[in-house]
1. Any chance the range 258-266 includes a residue that's assigned to a loop (DSSP other than H, G, I, E, B), within 22 Å of GLY354 (Cβ to Cβ) and of a type in the set (A, V, I, L, M)?
2. Any residue that is under 20 Å from ALA48 (Cβ atoms) and of a type in the set (Phe, Trp, Tyr) - is there at least one of those in the range 96-108?
3. Mind telling me which of the residues ARG183, ARG170, ARG165 ends up being touching a helix residue (DSSP H, G or I) at 6+ places or on another chain (Cβ under 8 Å) and among the charged types (D, E, K, R)?
4. For the range 399-458, give me every one of the helices (runs of 4 or more DSSP H) that falls completely inside it and has 1 or more residues that are farther than 30 Å from LEU136 by Cβ.
5. Quick one: in the range 234-254, of everything that is in a loop (DSSP other than H, G, I, E, B) and surrounded by fewer than 23 Cβ atoms within 10 Å (Cβ to Cβ), which residue is farthest from the chain's Cα centre (by Cα)?
6. Collect the residues in the range 155-169 that are surrounded by fewer than 18 Cβ atoms within 10 Å (Cβ to Cβ) and either of a type in the set (Asp, Glu) or touching a Pro at 6+ places or on another chain (Cβ under 8 Å) (or both), keeping them in residue-number order.
7. Please pick out the residue among ILE409, ILE458, ILE450, ILE414 that is out of contact with any Ser or Thr (no Cβ under 6 Å at 6 or more places or on another chain) and modelled with pLDDT under 95.
8. Please count how many residues of the range 439-458 are β-branched (Val, Ile, Thr) and surrounded by fewer than 17 Cβ atoms within 10 Å (Cβ to Cβ).
Amino acid sequence: MRILWLCNIMLPAVAKQLGVEASNKEGWLSGLAETVLENGGQSGIELAVAAPMPENLTGSGEEILSGEVKREGKAALKFYGFYEKMTCPEKYDAALEGRMQKILADFKPDLVHCFGTEYPHTLAMSKVFEPKGGLLISIQGICTAYAEAYYANLPEKVIRSATLRDILKRDSLKKQREKFVLRGKQERAALELAGTIAGRTKFDEFYAKRWNPKARYATLHETLRPEFYEGVWSEENCIPHSIFVSQGDYPLKGLHYMLEALPLIEKQYPDVKLYVAGNSLLRQGSLLNRMKISAYGKYLQQLICRGNLEEKVVFLGRLSGEQMKEQYLKSNLFVCCSAIENSPNSLGEAMLLGVPCISADVGGISSVFEGGKDGFLYEGFKTPKNEFDNECDFYKTTEEFGKIIAKSIADDTIKMWSDAEKRKQFCENARNHARNNHDKERNYKEMQEIYAEMSRHI
């Protein structure tokens, strides 16, 4: 059985062969691909991967780059690269359909497995591949729901504001949300064409069945990056009262909730410190650099100044998988403070390592993290505009509710640090839960079963 994976990024092995920098995002795909290739002979799977590549490799036209990653004593990995303007995922490029057809004509797959719905190439592939019964789309997030949660209880004046950087780049908060709305429309169009939709939470299952009731919904848990399956968090080796947040690049990730919670935590734990992975939005230094600050970055800066948090917040920059692992292990707490998530890899990674965790109860989180057993789960952002949240009784979208969320984070942090026995039990439970959810062999079998079922119906 010939199977083509359509991915959002190049696998690191492909990037290395081509001599370009590898992304540390979606590193879990490498582990899954390795498992497929190692077992390909037994399972009868012949795998190829396709992904967008830089313009200097593919050109900006219809050229398709193809090659193989040689693996000593093992099956080679065939790959394809195509041009796509990744900076504008909200704009559909019909020319992608021709590029997808060229890849299909060369590899002649029996099944196509698209990982993610957030880029136009998924919709393009969904349009041209036949039969639709052989098309599998794995949901990562739900852009439509993300659009509704995008402002994440920000004050109205912040939502309306725009810095010089935002004006010049046409990238205000309102523009950013509009892009998610457009991506959501493409996402829905792709899912409506799929024969099978794979997910792992009640949240993504809800949308899959709502948008495409004819498609088969299949459970497919994620296999995470290999480095996170080794190592265990220890209280003795962590920085006391340190909190780790995996990213805060845009409002959806809820860093502002965390910054509002920090002064409340500081009253109880004066030595508290927050570490944030990813590039700083604060843009300090030269005048030119400060002029590049976004409206959201400016608001984060205001929160830091208002709370006298200058010495309490550390932006770590972009981290590799190993660096992320190191930061998890030396943190006293991991917080998933997003306004919406499906099943964030960062939370899964923290759980795998046995790090104490607190998370917002939003989107699909409760399907992968059990509140009161794996850690503390607080009520996060809710909106009646989110179809999934229509099942809930409680809606608040105001700035005031943002402060309630911040207090919940602070209260749960204090509770976590004040009860060593409960904290120990949380860590053990979370680790066991994650080891089951992200079990490599189990997840590979799930995928095999999905492929086998699809092949029987095409």
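The values are calculated or read from the model by the stated rules, or taken from the named source; none is laboratory data. Here the structure is a predicted model, which is why all the values come from computation and not from measurement. For neighbour counting, all protein chains shown are included, and Cβ atoms are generated from backbone atoms with ideal geometry for every residue, glycine included.
1. So in the range 258-266, the residues assigned to a loop (DSSP other than H, G, I, E, B) come out as none.
Looking for residues that are assigned to a loop (DSSP other than H, G, I, E, B), within 22 Å of GLY354 (Cβ to Cβ) and of a type in the set (A, V, I, L, M), one finds none in the range 258-266, hence no.
2. yes
3. One residue alone meets the criteria, ARG183.
4. Helices (runs of 4 or more DSSP H) meeting the threshold: 399-418, 420-437.
5. So, considering only residues that are in a loop (DSSP other than H, G, I, E, B) and surrounded by fewer than 23 Cβ atoms within 10 Å (Cβ to Cβ), the one farthest from the chain's Cα centre (by Cα) is PRO240.
6. Once the filter is applied, which keeps residues that are surrounded by fewer than 18 Cβ atoms within 10 Å (Cβ to Cβ) and either of a type in the set (Asp, Glu) or touching a Pro at 6+ places or on another chain (Cβ under 8 Å) (or both), the range 155-169 yields only GLU156.
7. On the way: ILE409 fails: modelled with pLDDT under 95; ILE450 fails: modelled with pLDDT under 95; ILE414 fails: modelled with pLDDT under 95.
Within the list ILE409, ILE458, ILE450, ILE414, the selection yields ILE458.
8. Applying the first criterion (β-branched (Val, Ile, Thr)) to the range 439-458 yields 450, 458.
Of the ones still in play, those that are also surrounded by fewer than 17 Cβ atoms within 10 Å (Cβ to Cβ) are 458.
The qualifying residues number 1.
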